[in-house]
Amino acid sequence: MNVIASRNGASLPSVGVVYGQGDVFRRNRARRKVGFTMLEVDGFPSEWVRQANRMDEVWVPSEFNRQGFVDSGVKRPIRRIPLGVDPNYFHPGIRGVPNPNGEFVFLSNFEWGERKEPWLLLRAFNDEFTARDPVRLVCKIINKDPEVHVRREIANLRLKESGGKISFVYNREFPYYQLGAFYRSADCFISAGRGEGWDMPLMEAMACGLPSIATDWGAHTEFVHQGIAYPLRIRKTIPAVAKCPYYEGFRWADPDPEHLRALLREVYENRDEARRRGAAAAREMAERWTWDHVAGKILARLEELEA
């Protein structure tokens, strides 16, 4: 949990912002209380709603989450305050490391689990390409759950040795200043999960100028659209079944595997158009979605609340 407090000399902050899960909003001790949160499914748990209704207002980064709170019963004012990207660290001028074999590289960066649905991506890529094709999928995976055995789960997929080549970067944390070069070492970014509260890796990759494939459902649709990316169709929404208790009773996306295969092929075979969309994404991130833009919105709203 993080707290932003604006003081005017009184014993309590005049305005306090709690940034964290909705079940910690109660820790806000300011005279004017704001709760700032997000979630990856189509609604919010009852305890989050109860505490949100005790705030003066609630902030969420996207229309997706604003509607989720409304549908779940929040009566307090809800404002959209987006997240952003630092163009000093994420821009298309950063030099990457070219693939030594001259392969076209798809990149995905995620925490292993039900929400990110890695099984869909691995199967789709392995089925769409062959081992003879000069193309590779690189998956940067984080797994902190000792009960999850990623090697075993990958083995259980029975991916074809004759299929598309996949490499894994496992549980390796990169310093923030190196992430831009990591993204720029790939040719396309993929975010094919079931739901996002924002999706910072996707935004960072787009700011670096990567053409990006992203599920067309969730909070990141705030900044992803056809002109600058490749939205991945969903077949429907389905119950959000996962270890996370906050998802219980809600729904998330079921991405279309056949459309994912088609988009992989489209990006691979139409590289000029892919580069055009990637360049357009970088421009739009720099023009509309930086932390400076976000800070301006937050400062303006805090001043309004104090007044």
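Just to be sure, is S191 in the same structural domain as W252 (by TED's automatic domain parsing), farther than 19 Å from L83 by Cα and among the small types (G, A, S)? Before the answer, list the steps.
Details: in the same structural domain as W252 (by TED's automatic domain parsing): yes; farther than 19 Å from L83 by Cα: no; among the small types (G, A, S): yes.
Here the answer is no, as S191 does not meet what is asked.
Cβ-Cβ contacts under 7 Å between residues 6 or more apart (or on different chains), taken from a first residue in segment 88-116 that is among the small types (G, A, S) to a second residue that is crowded, with 16+ Cβ neighbours inside 10 Å and in a loop (DSSP other than H, G, I, E, B), are listed as G96/S185; G113/A242. For Y177, the conditions (1) within 23 Å of H225 (Cα to Cα); (2) surrounded by fewer than 15 Cβ atoms within 10 Å (Cβ to Cβ); (3) among the hydroxyl-bearing types (S, T, Y) all hold with the exception of (1). Cβ-Cβ distances below 8 Å connect the following pairs, each with a first residue in segment 172-187 that is without any contact (Cβ under 8 Å) to a residue 40 or more places away in the chain, a second residue that is surrounded by 19 or more Cβ atoms within 10 Å (Cβ to Cβ) and in a helix (DSSP H, G or I), and a separation of six or more residues or different chains: F174/F182.
Cβ-Cβ contacts under 8 Å between residues 6 or more apart (or on different chains), taken from a first residue in segment 242-263 that is under 22 Å from D187 (Cβ atoms) to a second residue that is modelled with pLDDT of 95 or more and of a type in the set (K, R), are listed as P255/R194; P255/R233; P255/R235; P257/R123; H259/R233.
Pairing residues of segment 275-299 that are closer than 16 Å to A205 by Cβ with residues that are at pLDDT below 95 and part of a helix (DSSP H, G or I), at Cβ distances under 6 Å and at least 6 apart in sequence or on separate chains, gives no pairs at all. Within segment 180-195, the set of residues being crowded, with 19+ Cβ neighbours inside 10 Å and under 24 Å from I94 (Cα atoms) comprises G180, F182, Y183, R184, A186, D187, C188, F189, I190, S191.
Is it the case that I94 is closer than 30 Å to F182 by Cβ and at pLDDT 95 or above? Spelling it out, I94 is indeed closer than 30 Å to F182 by Cβ and at pLDDT 95 or above.
In this structure, does D42 turn out to be under 28 Å from S212 (Cα atoms), acidic (D, E) and assigned by TED's automatic domain parsing to the domain that holds F168? Spell out how you get there, then give the answer.
Values: under 28 Å from S212 (Cα atoms): yes; acidic (D, E): yes; assigned by TED's automatic domain parsing to the domain that holds F168: no.
It is false that D42 is under 28 Å from S212 (Cα atoms), acidic (D, E) and assigned by TED's automatic domain parsing to the domain that holds F168.
In segment 18-56, the residue that is nearest to L305 (Cα to Cα) out of those that are assigned to a strand (DSSP E or B) and in contact (Cβ under 8 Å) with a residue 60 or more places away in the chain is R32. Restricting attention to segment 231-276, the residues being touching a Pro at 6+ places or on another chain (Cβ under 7 Å), buried (at least 19 other Cβ atoms within 10 Å of the Cβ) and closer than 14 Å to G193 by Cα number 1.
The values are calculated or read from the model by the stated rules, or taken from the named source; none is laboratory data. Note that the coordinates shown come from a computational prediction; the quantities given were computed from them, not determined experimentally. Cβ coordinates were reconstructed from backbone atoms using ideal geometry, including for glycine residues, and neighbour counts include every protein chain displayed.
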